[in-house]
1. State whether the residues of segment 108-128 include one that is crowded, with 20+ Cβ neighbours inside 10 Å, modelled with pLDDT of 80 or more and within 14 Å of the chain's Cα centre (by Cα).
2. List every residue pair whose Cβ atoms lie under 7 Å apart, where the two residues are 6 or more positions apart in sequence or sit on different chains, the first residue falls within segment 92-121 and is farther than 13 Å from residue 73 by Cβ, and the second residue, located anywhere, is part of a strand (DSSP E or B) and of a type outside the set (A, V, I, L, M, F, W, C).
3. Looking only at segment 7-19, count how many residues are assigned to a helix (DSSP H, G or I) and surrounded by 10 or more Cβ atoms within 10 Å (Cβ to Cβ).
4. Is it the case that segment 93-101 has a residue that's surrounded by 14 or more Cβ atoms within 10 Å (Cβ to Cβ), of a type in the set (Ser, Thr, Tyr), within 22 Å of the chain's Cα centre (by Cα) and more than 22 Å from residue 154 (Cα to Cα)?
5. Please find, among 20, 54, 67, the residue that is more than 26 Å from residue 165 (Cβ to Cβ) and in contact (Cβ under 8 Å) with a residue 24 or more places away in the chain.
6. Kindly indicate whether any position in segment 23-41 is crowded, with 18+ Cβ neighbours inside 10 Å, under 24 Å from residue 157 (Cα atoms) and not charged (D, E, K, R).
7. Considering 54, 27, which residue is modelled with pLDDT of 90 or more and part of a helix (DSSP H, G or I)?
8. Specify the residue that is farthest from residue 106 (Cα to Cα); the eligible residues are those in segment 47-79 that are surrounded by 24 or more Cβ atoms within 10 Å (Cβ to Cβ) and in contact with a Gly (Cβ under 8 Å, 6 or more places away or on another chain).
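The values are calculated or read from the model by the stated rules, or taken from the named source; none is laboratory data. If you're wondering where the values come from, they're calculated on a predicted model, not measured in any experiment. Cβ placement follows ideal geometry from the backbone for every residue including glycine, while neighbour counts extend to all protein chains displayed.
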Amino acid sequence: MLNARSRLRGFSLIELMVGLAILGILLAAGVPSFRTWLNNTQIRNAAEAIQNGLQQARAAAVQRNSLVVFTLGAGSSWTVGCVTATATCPATIESRSSQEGSVNAVVAADQAAITFNGLGRTNVVGAAKKFVITNPNGGNCVASAGQMRCLNVVVTNGGQIRKCDPAIANSNTAPQGCTGQEK
């Protein structure tokens, strides 16, 4: 005959406490890498948004055969619009707020406004202009012996727009790396 104690199933208080302790240790070990991942994601989102905005400005300039300007705002916000507003070319074609996915990302630019002409070329004079995207809340970049993957978005005189990682030194073997002038 079965006694009443053998039919009861469940966890004892000690088993529950051991399980919670193991869960706490695993969470504590994973939090730093999760923060780094979040910081890298915000940097990547801001870099892709700036790259997309620049490409949008270039495409709008070619499509409308007009001067279209990409203007960097606060944080990672930007606006694309025609230099001379007309019925077919509005003053604001598209804009993006820095609150859209990359609130902690900070952008430092050589030139805050870049104008594209009807051929898709820029008003950039001299060396290529770059937008350096970092996240000061996350520490240092990999290029400066940190953990974050900071990125650059580079615009050349001919209108080429590319995103690169300054921590990757040799761009001949790794296409995502920056050349010497883009670092």
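1. In the first step, residues of segment 108-128 are kept if they are crowded, with 20+ Cβ neighbours inside 10 Å; the result is 114, 116, 122.
Subsequent filtering for residues that are modelled with pLDDT of 80 or more retains 114, 116, 122.
Cutting the leftovers down to within 14 Å of the chain's Cα centre (by Cα) gives us none.
No; the residues of segment 108-128 include none that is crowded, with 20+ Cβ neighbours inside 10 Å, modelled with pLDDT of 80 or more and within 14 Å of the chain's Cα centre (by Cα).
2. As it stands, the answer is 93/81; 110/129; 110/130; 111/129; 114/122; 114/129; 115/122; 116/122, since those pairs meet every condition given.
3. Of segment 7-19, the ones assigned to a helix (DSSP H, G or I) are 7, 13-19.
Cutting the leftovers down to surrounded by 10 or more Cβ atoms within 10 Å (Cβ to Cβ) gives us 15-19.
Final tally of qualifying residues: 5.
4. Residues of segment 93-101 that are surrounded by 14 or more Cβ atoms within 10 Å (Cβ to Cβ), as a first pass: 93-94, 96-98, 101.
With the extra rule that they be of a type in the set (Ser, Thr, Tyr), the set shrinks to 97-98.
From what is left, the residues that are within 22 Å of the chain's Cα centre (by Cα) are 97-98.
Applying the additional criterion that residues be more than 22 Å from residue 154 (Cα to Cα) yields none.
No: zero hits.
5. Details: 20 fails: in contact (Cβ under 8 Å) with a residue 24 or more places away in the chain; 54 fails: more than 26 Å from residue 165 (Cβ to Cβ).
That would be 67, the only listed residue that is more than 26 Å from residue 165 (Cβ to Cβ) and in contact (Cβ under 8 Å) with a residue 24 or more places away in the chain.
6. So far as segment 23-41 goes, no, none of its residues is crowded, with 18+ Cβ neighbours inside 10 Å, under 24 Å from residue 157 (Cα atoms) and not charged (D, E, K, R).
7. Working: 27 fails: modelled with pLDDT of 90 or more.
Only one candidate qualifies: 54.
8. 61
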